Structures are given as structure tokens and as C-alpha cells.
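First comes the structure, then the notes that go with it.
Values in this text are rule-based calculations from the coordinates and carry no lab data. Owing to the predicted nature of the structure, the values given are computational and were not obtained by experimental measurement. Cβ coordinates were reconstructed from backbone atoms using ideal geometry, including for glycine residues, and neighbour counts include every protein chain displayed.
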Amino acid sequence: MAENTKTALITGGSKGIGFGIAEVLIKEGIQVAITSRSKENAEKAAAQLNQIREGAAIGIESDVRSFESQQNAVKTVIDKWGQLDYFIANAGVGHFAPIAELTPEQWQETIDINLTGVFYSAKASLEALTSTKGYFINIASLAGTNFFANGTAYNASKFGLVGFSQAMMLDVRNAGIRVTTIMPGSVASEFNNHQPSIKDAWKIQPEDIGQIISDLIKLPARTLPSKIEVRPSMPK
């Protein structure tokens, strides 16, 4: 790896917002590792990213619900590139139903991935980010401040994530680690089994979130936008 080349690890990076972020960062000259619960999906997405810049991406099979899995993902990046500069906690899931119909399994999966998974990600990457004075970025949601019907599990996970992220920011900033929470509204992605189409042109595009992250990491270290709400300019 060339001197001063930065590295990023993106959970849930094989599609949607995570993949869009990876595309932007690779174009910026950053080496990127993306994770997915599916080894096949991770490696397939990494191959696509390497068409942008050869050798810039690797795919890692990893499940944010496992602390050991997150530790292994960080270790893979360190073994490959020697350092970790940016961790983007992007993996997420959505189950939307009235509480009478929401199952305990759906509740548990939502909390495990959207909230506990970020805790595991933070714990696993803290030492590496401390050594590089790195950046931990959470992809939350406007659902972290705006509640809605059928959103008991999702709202709980995202409200919790926003609180976790802001408290973490206070915990680690004196160690030189910056923490930002990005809270998108409607994004044209595959989230919740949606298939993006031309009808989604009005929505935030995944690469728009990537551009926000690109801008964040270029800011002087003295400046920290700790929470960013992002909305479509002209929603339908």
C-alpha cells in the first residue's frame, strides 16, 4: 500500500448505501473492505469495485451480530493494509408491522443488527481507530428522531443508535477519534427488499451518502459535524 493511503471498512457494503459509499471512497483513492453475511455477495461486490481501481477493494464474510466476526473483519483489514482509518457502520435491517403482528424474532433481529451490531463494530475497531486517530461513522436514519406507525422495532433500534452514537462521540473524541451519525431519509436502495428504479430518481442516491462521507473525512480534525440529517430536496 502506498504511503499515506487510507483504509475503510464498511459493514453491509455489498449493495445499497454501503456499496455507494465504497464507490465514492475508492474514487478518492481509499482502500475499502466491504462486509456481507454472504461470502459470495461480498466477493462479487468487491470484484465490481476493483473495476474502478484494481486492488482497491476486498470482500469479507462477516455478521455484525457476532462480536468475534467483527473482530475478525477488523483483523483482516489490518493484516491486508496495516491500518484502519475509517469504519462505516452501515449494515441494517427493517421489519415493519403493527406491534400485534411483529414477532419476537423480528424484534430481536432488528435490535441485534441495527443497534447491538454497531456496539460490536465500535468495540472491535476502537484500538485500530485510536492508533490512526480515525473516524467512526454510523448510518442511522431519520427514523431515529421521527416515530411512525408499524415502526416499533425499527424506531427503537434507530432511536437507540442515535443515542449510542452521540454518547460514543463524547467518550472517544479526546482519544482523537471522530464519530458522526448520518441520518438519511428516503434512499434509492435495496433496503427492505425494495428494487430501485427510475421512479426513485427523486430519492437520495447511495452515492450521495458517499459524497457526504468524503466531505466529512476531508474536514480539519478540529471540526466535527456530530449528527447530520439528510432528506430528499423534493420528496414525492
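Tabulated values for the structure
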{"item": "Rounded tilt (10° steps) of 16-27 against the dominant C-alpha axis of the chain", "result": "20 degrees"}
{"item": "Tensor-based shape of segment 1-78 (alpha-carbon gyration tensor, a/c under 1.5 rounded, otherwise prolate or oblate)", "result": "oblate"}
{"item": "Segment N174-R222, length gained on full extension (0.36 nm per residue, minus Cα span)", "result": "16.2 nm"}
{"item": "Relative contact order of segment 1-89, defined on C-alpha pairs under 8 angstrom at six or more residues apart (%)", "result": "33 percent"}
{"item": "DSSP-defined beta bridges in the chain - what % are antiparallel, rounded to 5", "result": "0 percent"}
{"item": "Nearest 10 degrees, 0 to 90: helix 39-49 Cα axis against the chain principal axis", "result": "60 degrees"}
{"item": "Sites Q51 and A201 - FRET efficiency at Förster radius 22 Å, r taken between beta-carbons, to 0.05", "result": "0.35"}
{"item": "Sequence-separation-based contact order of the chain, relative, with Cα cut under 8 Å and 6+ spacing, percent", "result": "20 percent"}
{"item": "Among S69, I21, L102 - extreme Cα towards positive end, dipole of segment 1-123, charges at beta-carbon", "result": "I21"}
{"item": "Simple label model, 7 Å out from Cα along Cβ direction - F147 to M234, nm", "result": "3.5 nm"}
{"item": "Rounded to the nearest 20 debye, dipole of segment 7-230 from Cβ charges on Lys, Arg, Asp, Glu", "result": "520 debye"}
{"item": "Label-to-label distance, nm, for residues given as T103 and A167 (7 Å Cα→Cβ offset)", "result": "3.1 nm"}
{"item": "Full-stretch length increase - K133, K27 - with 0.36 nm per residue and alpha-carbon distance subtracted", "result": "35.9 nm"}
{"item": "Helix 67-81 vs. the chain, principal-axis angle (Cα, 0 to 90°, nearest 10)", "result": "30 degrees"}
{"item": "Reachable lysines, given that their alpha-carbon falls under 29 Å from the alpha-carbon of K203 and they are not under 8 places away in the same chain", "result": "K15, K27, K44, K158, K218, K227, K236"}
